[in-house]
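See structure below.
The values are calculated or read from the model by the stated rules, or taken from the named source; none is laboratory data. What you are looking at is a predicted structure, and each value in this text was computed from that prediction instead of being measured. No Cβ is skipped: glycine too gets one built from the backbone with ideal geometry, and neighbour counts run over all protein chains shown.
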Amino acid sequence: MFEDDGSDDAPEEKPTDPVELAREKLNEFRMHAQLAATFEGTRKFEAQILAGFDVKFARDIQRKIARLSKSKAGDSPVLPEASAAEAREILEMPASGKISTNDYHVHRRPGEVMMIRWIEGEQVDTFYERLQAHFEAALAGYIDDERSANAWKKDDKSNLVLEAMEKVKVKMEDIYLRGAIRKDHVFVLSTQAADEMDIIYLTDTLMGISPGELVGEKSAPPDEPTDQDRAWFFNLFSLRGISGGTEKMCFFTYLQKTEDTFAVE
């Protein structure tokens, strides 16, 4: 089941069992596939970065997303029935507020960015296709590289990990609970967070834009950035459900510069 990933930087004990090692690597590929499919719209699907999103509107969405996140029971990303109306309201905002889907709507100030993207209908179908493609490409590339590297090493443990990875069939729609969303009309909210997201990786690599286009020129890293210059706190919320007979998704991304000089109001 898809669940909150917490912080990518959280320390944890490394597994030694080949099956557990394979599962950990597959989860890493899933997380990267999620990032790529979420933020590649500017590179692949003519999405625009639309800055100047109304701050009150952005904060209202932020508060609503926070309430939905707190309403979840235990480890399940499925929202309780009591939260369905608020989840539906967020997913219907493009229609009610005449907001474009596919584009990235941005509110920013020095050291802080809120970015919201809605997709629906065929756009959702395309998202899942791309999500699966990114995952499979990462998996195939890793297995090929490791097979080549282990050809002369004869590392039995690595070969066992690769064999375990090859046996697992991962369907991203299942991980994202798409079947339950379509059949039972539940609303699902999941998160992915990192204490230090490389803003250049997010913008240059995933989105195909300059950092300044997303965070503003004053907050963008200098020409020769340090690791600290590139580091932003990152939190991505993915809200999914059916509304008005149409499958819809909303991605809410919160970014904050990790330097103490940038304080959030």
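Data overview
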quantity: Pair list, Cβ under 6 Å, 6 or more apart: segment 54-82 residue closer than 15 Å to residue 186 by Cα, other residue surrounded by 12 or more Cβ atoms within 10 Å (Cβ to Cβ) and of a type in the set (S, T, N, Q); calculated: 68/83; 71/83; 77/190; 80/71
quantity: Neighbours by Cβ (under 6 Å, 6+ apart or cross-chain): first from segment 91-120, farther than 15 Å from residue 237 by Cα and of a type in the set (D, E, K, R); second at pLDDT below 95 and not in a strand (DSSP E or B); calculated: 112/264
quantity: Of residues in segment 198-227 being free of Cβ contacts under 8 Å to residues at least 60 places away in the same chain and touching a strand residue (DSSP E or B) at 6+ places or on another chain (Cβ under 9 Å), the one surrounded by the most Cβ atoms within 10 Å (Cβ to Cβ); calculated: 199
quantity: Filter result (buried (at least 17 other Cβ atoms within 10 Å of the Cβ) and among the aliphatic types (A, V, I, L, M)) within segment 85-125; calculated: 87, 90, 91, 93, 106, 113, 114, 115, 116, 119, 124
quantity: Matching entry among 158, 243 (being polar (S, T, N, Q), farther than 18 Å from residue 114 by Cα and modelled with pLDDT under 95); calculated: 158
quantity: Given (1) outside any loop (DSSP other than H, G, I, E, B); (2) at pLDDT below 95; (3) within 25 Å of residue 247 (Cα to Cα), number of the condition residue 146 does not satisfy; calculated: (3)
quantity: Any chance residue 56 is surrounded by fewer than 20 Cβ atoms within 10 Å (Cβ to Cβ), out of contact with any helix residue (DSSP H, G or I) (no Cβ under 6 Å at 6 or more places or on another chain) and not acidic (Asp, Glu); calculated: yes
quantity: Residue check, residue 15 out of contact with any Leu (no Cβ under 7 Å at 6 or more places or on another chain), modelled with pLDDT under 95 and loosely packed, with under 14 Cβ neighbours inside 10 Å; calculated: no
quantity: Residue 175, sole failed condition from (1) buried (at least 17 other Cβ atoms within 10 Å of the Cβ); (2) without any contact (Cβ under 8 Å) to a residue 60 or more places away in the chain; calculated: (2)
